[in-house]
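**Student:** Sharing a structure here in structure tokens format.
The values are calculated or read from the model by the stated rules, or taken from the named source; none is laboratory data. Source: prediction; values computed, not measured. Note that we place each Cβ from the backbone using ideal geometry, even for glycine, and neighbour counts take in every protein chain shown. Accessible surface areas use protein heavy atoms only, side chains included; no ligands, DNA or RNA. Shrake-Rupley method; radii C 1.70, N 1.55, O 1.52, S 1.80 Å.
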Amino acid sequence: MEHKTALITGASRGIGRAIACAFASAGYDLFLTCLRSEESLKQLCRDLSERFGVRAVPFCGDMGDFAAVQSLFSGIRRLDVLVNNAGISHIGLLSDMSPEEWRRIMATNLDSCFYTCKLAVPLMVHEKRGKILNISSVWGSAGASMEAAYSASKGAVNSLTKALAKELAPSNIQVNAIACGVIDTDMNRCFSEEEMRALIEEIPADRLGSAEEVAALALQLAGSPSYLTGQIIALDGGFL
């Protein structure tokens, strides 16, 4: 039986890596991307191929650059699931942020979703089915002080998710997002131990979430009923 195929962006570490492992364990062939960690991504692909007997193709490129995304899709003939995970954060006062830093956040977190969806949708429409999953953040709904650009980009991703879900529902393509709370990844290494303790005290679950929990939910959504679409599903330990 032919394997299903998933594209996961930002897959060399953290949430993306965990999602890649979860999908490989479920028998998906994979296209995995990263921006800089090419050797790490290649090793992950080799490991997943050997362990689960799936095809795993690495691609090193900037998902915020349309030419790079076009190059990636030149090797993709069929796609069942698109997971838009590539993302970066920026902590600091908005007034101190340069236009270049703002543009970089928007390109990586938002433009990348447009580029991958633009090229994935025709493949899915041809098959009359598909799943698009955007990895978002609770800050996309609530907003976070000192993270205005990140919050704005994720708020836009949430709106894109809802709008695209309506656009693609007649084609049997579902679009959903996972709004992550505080997940134990490198993105949060910028906080001190004291800051992390204070943050954890605000989370009813009394702990950080794990990348593996995000991956488990992502895999569930890849197999969810077709009537589930346009949803921003919070995975935040009751934080908001």
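**Student:** Condition (residue is in contact with a strand residue (DSSP E or B) (Cβ under 9 Å, 6 or more places away or on another chain) and on the phi > 0 side of the Ramachandran plot) applied to the range 162-173: is it met by at least one residue?
**Tutor:** yes
**Student:** Pick from the range 22-51 the residues that are hydrophobic (A, V, I, L, M, F, W, C) and surrounded by fewer than 21 Cβ atoms within 10 Å (Cβ to Cβ): which of them is nearest to Leu217 (Cα to Cα)? Give the derivation first.
**Tutor:** We begin by selecting, within the range 22-51, every residue hydrophobic (A, V, I, L, M, F, W, C); these are 22-24, 26, 30-32, 34-35, 41, 44-45, 48.
In the following step, the residues that additionally are surrounded by fewer than 21 Cβ atoms within 10 Å (Cβ to Cβ) were identified as 26, 35.
Working: Ala26: 13, Leu35: 24 Å.
Residue satisfying both the conditions and the ranking: Ala26.
**Student:** How many residues are in a strand (DSSP E or B) and either on the phi > 0 side of the Ramachandran plot or of a type in the set (Ser, Thr, Tyr) (or both) if we restrict to the range 1-43? Spell out the reasoning first.
**Tutor:** The first filter runs over the range 1-43 and keeps only residues in a strand (DSSP E or B), leaving 5-8, 29-34.
With either on the phi > 0 side of the Ramachandran plot or of a type in the set (Ser, Thr, Tyr) (or both) added as a condition, the list becomes 5, 33.
Result for the range 1-43: 2.
**Student:** Among Leu160, Leu79, Leu168, which is the only one that is farther than 19 Å from Cys34 by Cβ, at pLDDT 95 or above, among the aliphatic types (A, V, I, L, M) and under 17 Å from the mean Cα position of the chain (by Cα)?
**Tutor:** Values: Leu79 fails: farther than 19 Å from Cys34 by Cβ; Leu168 fails: under 17 Å from the mean Cα position of the chain (by Cα).
Sole residue among the options that is farther than 19 Å from Cys34 by Cβ, at pLDDT 95 or above, among the aliphatic types (A, V, I, L, M) and under 17 Å from the mean Cα position of the chain (by Cα): Leu160.
**Student:** Being surrounded by 11 or more Cβ atoms within 10 Å (Cβ to Cβ), among the hydrophobic types (A, V, I, L, M, F, W, C) and part of a helix (DSSP H, G or I) narrows it down to one of Ile178, Ile233, Ile200, so name that one.
**Tutor:** Details: Ile178 fails: part of a helix (DSSP H, G or I); Ile233 fails: part of a helix (DSSP H, G or I).
Checking each option against the conditions leaves just Ile200.
**Student:** Name, by its number, the condition in (1) open to solvent by 30 Å² or more (accessible area, probe 1.4 Å); (2) within 15 Å of the chain's Cα centre (by Cα) that does not hold for Leu123.
**Tutor:** Result: Leu123 passes all but (2).
**Student:** Take the residues of the range 181-197 that are part of a helix (DSSP H, G or I) and among the hydrophobic types (A, V, I, L, M, F, W, C): which is modelled with the highest pLDDT? Let's see the steps before the verdict.
**Tutor:** Residues of the range 181-197 part of a helix (DSSP H, G or I): 186-188, 193-197.
Keeping just the survivors that are among the hydrophobic types (A, V, I, L, M, F, W, C) gives 187, 196.
On the way: Met187: 75, Met196: 87.
Across the range 181-197, the extreme among qualifying residues is Met196.
**Student:** Which one is least open to solvent (accessible area, probe 1.4 Å), of the residues in the range 52-100 that are touching a helix residue (DSSP H, G or I) at 6+ places or on another chain (Cβ under 7 Å) and over 25 Å from Cys117 (Cβ atoms)?
**Tutor:** Among those residues, the one meeting the criterion is Met97.
**Student:** Follow-up question, since we're still on this one. Applying the selection to the range 212-230, what residues are assigned to a helix (DSSP H, G or I) and more than 18 Å from Lys154 (Cα to Cα)?
**Tutor:** First pass over the range 212-230, keeping only residues assigned to a helix (DSSP H, G or I): 212-222.
Correct list: Glu212, Glu213, Ala215, Ala216, Leu217, Leu219, Gln220, Leu221, Ala222.
**Student:** Conditions: (1) over 23 Å from Gln231 (Cα atoms); (2) under 17 Å from the mean Cα position of the chain (by Cα). Gln43 meets all but one. Number of the miss?
**Tutor:** (2)
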